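I'd like to ask you about the structure that follows.
The values are calculated or read from the model by the stated rules, or taken from the named source; none is laboratory data. All values reported here derive from a predicted model rather than from experimental measurement. Positions of Cβ are generated from backbone atoms using ideal geometry, with glycine treated the same way; all protein chains shown enter the neighbour counts. Protein only, heavy atoms only, side chains kept; ligands, DNA and RNA dropped before computing areas. Shrake-Rupley method; radii C 1.70, N 1.55, O 1.52, S 1.80 Å.
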Amino acid sequence: MGARFERYVLDLLPAIGLIPKATRFKVYREGVEVGEVDIIAVDEKGNTYAIEVKAGRVDISGIRQAYVNAKILGARPLVIARGYADDGARQLAKELGVEVVLLPDYIFLSIDDLYTALTSALARFIATILAVYITLGEKEIEAIKECRDLQCICEKVDCESLFQKLPREAKNAEVILLAIELRRWLPILCSAPKQRGIDI
């Protein structure tokens, strides 16, 4: 749920005036990793935000984490969550100047916001499918053609090696199998317009 909610938030950021620049950004102090920020984003004025994404309610620990990471990076702290865990978290956010954007369980978007979210998600989806399409070799494709789940795929190919080459979003059976299906249909789709005398 956390990773899926994080992707959902990425798609919504432009609607609140923020452009994502990095995800899962490692925070270092004197060469030592001391934390990780879910999303780094900037606004139209060039202000940088260190964003913590909470799929549920944010507690005092989450507020502290957002504040400390932002402070180290010289960014503005922002938490996106579905609510506060308690009054203590709300009060600490106020005192530390941590901005908190609360999303309801059900979110209603304007047509423009929905379009922005959908096009962003579609662009990421296409990029993920193409990454798999380009990465898989013919031997890997032949080996996993008959599979329907990740367990079967990992029995036929070295998943550890495969996953090192793929983006995080592509590490599931549905995306891999869809990319294989695309490899099968793409030559047919590309030749169809030429058969009808249409240049593409």
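Restrict the check to segment 126-133 and report whether at least one residue is of a type in the set (G, A, S) and touching a Leu at 6+ places or on another chain (Cβ under 8 Å).
Within segment 126-133, the first condition is being of a type in the set (G, A, S), and the residues that meet it are 127, 131.
Then drop every residue that is not touching a Leu at 6+ places or on another chain (Cβ under 8 Å), which leaves 131.
Checked against the condition, which is being of a type in the set (G, A, S) and touching a Leu at 6+ places or on another chain (Cβ under 8 Å), segment 126-133 yields at least one hit.
Which of (1) open to solvent by less than 20 Å² (accessible area, probe 1.4 Å); (2) more than 22 Å from R4 (Cα to Cα) is the odd one out, the single condition E30 does not satisfy?
(1)
Name the residue that is nearest to L102 (Cα to Cα), counting only residues in segment 9-20 that are free of Cβ contacts under 8 Å to residues at least 60 places away in the same chain and open to solvent by 30 Å² or more (accessible area, probe 1.4 Å).
Looking at residues that are free of Cβ contacts under 8 Å to residues at least 60 places away in the same chain and open to solvent by 30 Å² or more (accessible area, probe 1.4 Å), I get G17.
Within the bounds of segment 121-128, is there any residue that is within 30 Å of P20 (Cβ to Cβ), open to solvent by less than 40 Å² (accessible area, probe 1.4 Å), aliphatic (A, V, I, L, M) and without any contact (Cβ under 8 Å) to a residue 60 or more places away in the chain?
Pass one, segment 121-128, residues within 30 Å of P20 (Cβ to Cβ): 121-128.
Checking the rest, the ones that are also open to solvent by less than 40 Å² (accessible area, probe 1.4 Å) come to 121, 128.
From what is left, the residues that are aliphatic (A, V, I, L, M) are 121.
Retained after the next criterion (residues that are without any contact (Cβ under 8 Å) to a residue 60 or more places away in the chain): none.
Scanning segment 121-128, I find no residue that is within 30 Å of P20 (Cβ to Cβ), open to solvent by less than 40 Å² (accessible area, probe 1.4 Å), aliphatic (A, V, I, L, M) and without any contact (Cβ under 8 Å) to a residue 60 or more places away in the chain, so the answer is no.
Among E140, E155, E174, which is the only one that is among the charged types (D, E, K, R), assigned to a helix (DSSP H, G or I) and at pLDDT 85 or above? Full working, then the answer.
Working: E140 fails: at pLDDT 85 or above; E174 fails: at pLDDT 85 or above.
E155 is the lone residue from the list that is among the charged types (D, E, K, R), assigned to a helix (DSSP H, G or I) and at pLDDT 85 or above.
Same structure, new question: Of (1) in a helix (DSSP H, G or I); (2) closer than 26 Å to V175 by Cα, D112 satisfies all except one. Which?
Of the numbered conditions (1) in a helix (DSSP H, G or I); (2) closer than 26 Å to V175 by Cα, the odd one out for D112 is (2).
Same structure, new question: Report, by residue number, each residue of segment 60-85 that is in contact with a strand residue (DSSP E or B) (Cβ under 8 Å, 6 or more places away or on another chain), among the charged types (D, E, K, R) and touching a residue at least 12 places away in the same chain (Cβ under 8 Å). Steps first, answer last, please.
Looking only at segment 60-85, we keep the residues that are in contact with a strand residue (DSSP E or B) (Cβ under 8 Å, 6 or more places away or on another chain), and these are 62-63, 65-85.
Then drop every residue that is not among the charged types (D, E, K, R), which leaves 71, 76, 82.
Passing the criteria: R76, R82.
Listed here are the residues, each with its yes/no results for (1) closer than 25 Å to L118 by Cα; (2) touching an Asp or Glu at 6+ places or on another chain (Cβ under 6 Å); (3) modelled with pLDDT of 95 or more; (4) open to solvent by less than 20 Å² (accessible area, probe 1.4 Å).
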position: G2; (1), (2), (3), (4): yes, no, no, no
position: A22; (1), (2), (3), (4): yes, no, no, no
position: E36; (1), (2), (3), (4): no, no, no, no
position: T48; (1), (2), (3), (4): yes, no, yes, no
position: A55; (1), (2), (3), (4): yes, no, no, no
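Of the numbered conditions (1) over 30 Å from G46 (Cβ atoms); (2) open to solvent by less than 70 Å² (accessible area, probe 1.4 Å); (3) part of a helix (DSSP H, G or I), C147 fails exactly one; give the number of that condition.
(3)
Separate question: What about I63, is it closer than 27 Å to K171 by Cβ and β-branched (V, I, T)?
Numbers: closer than 27 Å to K171 by Cβ: no; β-branched (V, I, T): yes.
No: the conditions fail for I63.
Quick check on this structure: which one of A41, A15, A50, A55 is closer than 20 Å to R124 by Cβ and part of a strand (DSSP E or B)? Steps first, please.
On the way: A15 fails: part of a strand (DSSP E or B); A50 fails: closer than 20 Å to R124 by Cβ; A55 fails: part of a strand (DSSP E or B).
Being closer than 20 Å to R124 by Cβ and part of a strand (DSSP E or B) holds for just one of A41, A15, A50, A55, which is A41.
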